[in-house]
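What follows is a short report on a single structure.
The values are calculated or read from the model by the stated rules, or taken from the named source; none is laboratory data. Everything quoted here is computed from the prediction, not taken from an experiment. With ideal geometry, Cβ positions are generated from the backbone for all residues, glycine too; neighbour counts draw on all protein chains shown. Quick note on the areas: whole protein, heavy atoms, side chains included, nothing else; ligands and nucleic acids left out. Shrake-Rupley method; radii C 1.70, N 1.55, O 1.52, S 1.80 Å.
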Amino acid sequence: MTDLMQKTTKSPSSQSFSIDLPIRLRRNRKSEAIRSMLQETRLHSSQLVAPCFVVDGNHQKQIIPSMPGIHRLSIDFLIKETIELYNLGIRAIDLFAYNPIEKKDPYGSEAIRPGNLLQQALFALKKEIPEMCVMVDIALDPYTDHGHDGLLNDKGEIDNDTTLQILAKMSLLAADAGADVVAPSDMMDGRVAYIREALDRNGFTNVNILSYAVKFVSAFYSPFRQALDSAPKVGDKKTYQLNPGNCREALRECALDESEGADMLLIKPALPYLDILAKVRQQTDLPIGAYHVSGEYAMLMAAAEKGWINGDRALEECLLSIKRAGADFIFTYGAKRMAEILKSKG
């Protein structure tokens, strides 16, 4: 028995005696008022980022079967959705463009075509709701017919350095259309420095780079790839995405991207890699985000639809754990629902 759990007092006859008392941590949990006052980690709508899929056309709201509640939206519906998100307290979205197969080729040509869907969406969003922070995904997998994030050489291998040129052009198109943040998710070596130099040289010194610094090879991306029809048609992504068993390598990636000029870092996926997130938090003072990816979201929604879990409570618990591990902001397909829950709590 420790000294903290012992109390010595005097009896009326001045004889000393000892009473063993438990440490009662439950006193700090006895009411909602006290629990709320002492809560260490909190979620805020302004720190949620909503990924959004934009599709060509008008009045389009296409269901994504593997991601309940998430749709591909044409620009008119995307604007409406973005305004709703803003009114719920969400201050950032991340844009992904859906490209049908006829617009894909081995070179990702549509990604660097002036006036492409992504540019159109950016111009429209910044005109209608300039207060919203609009991030843009920078990678080639939604644009290539082979589904890889980079260009392939004659041997079918990723051509890292040639890909950097395309990523820089994508970033310049996004910046020119009003993007606040470019978010390279491709995992090519040296792309942060290459993009930063291109942006600065062309006068876009105020455009942020959010680097997907740690992007693991993961089974949890499947619903996203279905949403964009971007799964690799040949091979896999193990030569550029990280091995799930490697921690030190993940920390090196973060340090390199910081040295190359990244303004923010992103860890992806989130829940299976909370240990990585916590270690990166100790390593850097840069803002860190985590991506609660499509598979993580889909599992929650599927279990909730079956009645096996309370979906709202499970979503909040998952996002709270990501924040507790060290994330400053969270990408999640549950952003809108979480913001609604937080608003209902006042």
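Values computed for the structure shown
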quantity	calculated
Number of the condition not met by Val181 [criteria: (1) open to solvent by 20 Å² or more (accessible area, probe 1.4 Å); (2) within 30 Å of Arg91 (Cα to Cα)]	(1)
Cross-chain or 6+ apart pairs with Cβ under 6 Å, segment 174-189 first and within 16 Å of Val217 (Cβ to Cβ), then part of a helix (DSSP H, G or I) and open to solvent by less than 10 Å² (accessible area, probe 1.4 Å)	Met188/Thr163
Check on Leu167, open to solvent by less than 10 Å² (accessible area, probe 1.4 Å), within 18 Å of the chain's Cα centre (by Cα), modelled with pLDDT of 95 or more and over 29 Å from Gly89 (Cβ atoms)	no
Subset of segment 51-106 [basic (Lys, Arg) and not in a loop (DSSP other than H, G, I, E, B)]	Lys61, Arg72, Lys80, Lys103
Restricting segment 24-59 to residues that are among the hydrophobic types (A, V, I, L, M, F, W, C) and over 22 Å from the mean Cα position of the chain (by Cα), the residue that is least open to solvent (accessible area, probe 1.4 Å)	Ile34
Total residues in segment 316-346, condition within 24 Å of Glu40 (Cβ to Cβ) and within 15 Å of the chain's Cα centre (by Cα)	17
Selection from segment 223-259 of residues that are open to solvent by 40 Å² or more (accessible area, probe 1.4 Å), under 18 Å from the mean Cα position of the chain (by Cα) and at pLDDT below 95	Arg225, Gln226
Residue check for Leu21: at pLDDT below 90, in contact with a helix residue (DSSP H, G or I) (Cβ under 9 Å, 6 or more places away or on another chain), open to solvent by less than 100 Å² (accessible area, probe 1.4 Å) and among the aliphatic types (A, V, I, L, M)	yes
Candidate set from segment 80-132 (those that are farther than 22 Å from Thr332 by Cα and among the hydroxyl-bearing types (Ser, Thr, Tyr)); member that is least open to solvent (accessible area, probe 1.4 Å)	Ser109
Breaking point among (1) surrounded by 18 or more Cβ atoms within 10 Å (Cβ to Cβ); (2) more than 21 Å from Ala50 (Cβ to Cβ); (3) more than 17 Å from the chain's Cα centre (by Cα), for Phe216	(3)
